[in-house]
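Just below is one structure, and these are the notes that go with it.
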Amino acid sequence: MNDEQSAAPVDPTMSDSEKAAFEQRTHTAGAFDIRNVIGGLMAVYGVILTVTGLFTESTPEVAYADDYNSNLIAGIVLLVVGVGFVVWARLRPVVVPVQKDDTAGR
């Protein structure tokens, strides 16, 4: 049994054979989970803003914003939220039932 199948929610009242049959018919969304896409994009934008914020500490734009480096703050927040999305997707994967093709063999 691999990690993807062990993450499937199984009813505790099921017998062992029913659990095994259920786990064989399901898999996780993996890379196609929207939380991975959103988290990855937010993390990439977070890295860009964090790097921009680190290298623009003493520009007039920072002084105009009451000496708050908004690029750095927004970048760090985006990194934290993006990593949170990816961790969430890893800890609670979406279970997708496998659909058998009924037209096979006809």
*Among the residues of segment 38-89, write down those that are at pLDDT 95 or above and of a type in the set (Phe, Trp, Tyr).*
45
*Scanning segment 15-37 for residues that are among the hydroxyl-bearing types (Ser, Thr, Tyr) and loosely packed, with under 13 Cβ neighbours inside 10 Å, which turns out modelled with the lowest pLDDT?*
17
*When segment 52-91 is examined, which residues are found to be surrounded by 18 or more Cβ atoms within 10 Å (Cβ to Cβ) and either touching a residue at least 60 places away in the same chain (Cβ under 8 Å) or outside any helix (DSSP H, G or I) (or both)?*
69
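The values are calculated or read from the model by the stated rules, or taken from the named source; none is laboratory data. In this text, all values refer to a predicted model and were calculated from it rather than measured experimentally. Cβ coordinates were reconstructed from backbone atoms using ideal geometry, including for glycine residues, and neighbour counts include every protein chain displayed.
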